[in-house]
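> Below you'll find the structure I mean.
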Amino acid sequence: MSKYTEAITEAVKALESAEKSHQIASERLSTVRGHAGQQGYSVTVNGVTVAVSTCDSRTYQGTLIRGREMIHLGALKALGAELQTAADRVRDCRAHLAAIVTA
């Protein structure tokens, strides 16, 4: 293969990896926003697990456990930052690929 073809192939692989990371980050954020549906979710720090959201038996909706709102907000903020980083990587990979193709 020529150097041009190899550069495009590498750029496409990097873009595919970035898009996969973006999709995973988006799904993780969506899970926490939706309180993991009827399952609820927990956060683990250094091996200690804290339940943050649980399923309300009356409404079958995920609801925050009283006093754990800040943990939930922290999780949303952390996962939002993860999603933004993934989106930035996708943007950079697309720009790099476009620069190779138009050169």
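> Please go through the range 14-28 and give me each residue that is among the aliphatic types (A, V, I, L, M) and closer than 14 Å to residue 85 by Cβ, ordered by number.
18, 24, 25
> In the range 25-45, which residue that is among the hydrophobic types (A, V, I, L, M, F, W, C) and surrounded by 13 or more Cβ atoms within 10 Å (Cβ to Cβ) is farthest from residue 90 (Cα to Cα)?
Checked the range 25-45; the qualifying residue farthest from residue 90 (Cα to Cα) is 43.
> Determine which single condition residue 76 fails, assuming it passes every other condition in (1) part of a strand (DSSP E or B); (2) in contact with a Leu (Cβ under 8 Å, 6 or more places away or on another chain).
Evaluating residue 76 over (1) part of a strand (DSSP E or B); (2) in contact with a Leu (Cβ under 8 Å, 6 or more places away or on another chain) leaves (1) as the failure.
> Another one. Taking interchain pairs and intrachain pairs at least six residues apart, which have beta carbon atoms under 8 angstrom, with the first residue in the range 47-65 and farther than 11 Å from residue 34 by Cα and the second loosely packed, with under 10 Cβ neighbours inside 10 Å?
What qualifies is 50/44.
> I've got another one for you. Looking for whichever is part of a loop (DSSP other than H, G, I, E, B) and either under 20 Å from the mean Cα position of the chain (by Cα) or of a type in the set (D, E, K, R) (or both) here; the options are 91, 66. Which one fits?
The unique qualifying residue is 66.
Residue-wise test of (1) hydrophobic (A, V, I, L, M, F, W, C); (2) more than 28 Å from residue 3 (Cα to Cα).
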{"site": "13", "(1), (2)": "no, no"}
{"site": "32", "(1), (2)": "yes, yes"}
{"site": "37", "(1), (2)": "no, yes"}
{"site": "45", "(1), (2)": "yes, yes"}
{"site": "70", "(1), (2)": "yes, yes"}
{"site": "88", "(1), (2)": "no, no"}
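> Now for a separate question. Looking only at the range 50-103, how many residues end up being basic (Lys, Arg), modelled with pLDDT of 95 or more and over 16 Å from residue 30 (Cα atoms)?
The qualifying residues number 3.
> Let me ask something else. Within the range 46-63, take every residue that is hydroxyl-bearing (Ser, Thr, Tyr) and assigned to a strand (DSSP E or B) and give me the one that is surrounded by the most Cβ atoms within 10 Å (Cβ to Cβ).
For the range 46-63, the residue satisfying everything is 53.
The values are calculated or read from the model by the stated rules, or taken from the named source; none is laboratory data. Just so we're clear, the structure is a prediction, and the values are computed from it rather than from any experiment. Neighbour counts are summed over all protein chains in view; Cβ atoms, including those assigned to glycine, are modelled from backbone coordinates with ideal geometry.
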